[in-house]
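For reference, the structure is listed below as structure tokens.
Read the figures in this text as sums done on the coordinates, not as results from a lab. Source: prediction; values computed, not measured. For neighbour counting, all protein chains shown are included, and Cβ atoms are generated from backbone atoms with ideal geometry for every residue, glycine included.
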Amino acid sequence: MTAPTSDEAETTVKAPTKLQMLWPERELRNPPEAAVPPGFLLRQFREADLPDYLELMHVAGFTYWTEETLERFLPRVVPGGFNVIQHEESAKLAATSMATHNPEPLHPFGGELGWVAGDPAFAGRGLGAATCAATTSCFLRAGYRRIYLKTDDWRLPAIRVYFRLGFEPFLYLPGMVARWQEVHRALGLKCVPSDWPTASDR
């Protein structure tokens, strides 16, 4: 194996950390509505879904997902928090998200909304918003006060969904304001960093 070139090493060092978003504490009593369109069914993952689930994850871009990957996360899933949306006519899984108990130093007793995926064949029907709303509501029913998610600057459609649900940018590192300002510009949204939570608010 050859050593990385200086350019490769620099790219590795400069890889941006994930953006993070929080569910506001003021909204802990206001779960978002999971509006599922006609022709689709919101339900919990079943063991028999495994082949279709892996196919959904792969078509959504998570090509590295395997049965073993899923098995690592299952012990952390909050009861009632492994949501899938099924297209009733074809029986295909169209969208999914997962509520996991995932404490981190920034998120003591934190619940992470993650592994959000949708089949591009069903894009534009609000399925991502519906499954994320259901997953967020699961955390709220379970009594979580710290609900967070991680994302990337370029995942603009997903970030737009998170904003619509009510999540807010989390300014946990220097430089986050500038990155979020760029995201807001790209989405055509008003940017008010003074309203966003910071690491010092914990």
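Please compute the alpha carbon radius of gyration of the chain, then divide it by the globular-protein estimate 2.2 N^0.38 Å. Two decimals is fine.
Dividing the Cα Rg of the chain by 2.2 N^0.38 Å gives 1.07.
Quick one: dipole size for the stretch 16-201, taken about the Cα centre, charges +1 on Lys/Arg Cβ and -1 on Asp/Glu Cβ, in debye to the nearest 20.
540 debye
Among the lysines in the chain, how many pairs, 8 or more places apart or on different chains, have alpha carbons under 25 Å apart?
For the chain, the number of qualifying lysine pairs is 4.
With point charges of +1 on the Cβ of Lys and Arg and -1 on the Cβ of Asp and Glu, referenced to the Cα centre of the chain, which listed residue (V59, F109, P197) lies farthest in the positive direction of the dipole?
P197
Can you tell me, using C-alpha contacts under 8 Å and at least 6 residues apart, the relative contact order of the stretch 16-201 as a whole percent?
Reported as a whole number, the value is 28 percent.
Against the 2.2 N^0.38 Å scaling, with N counting residues, where does the stretch 83-202 land? I'd like the Cα-based Rg ratio to two decimal places.
The stretch 83-202 yields a ratio of 1.13.
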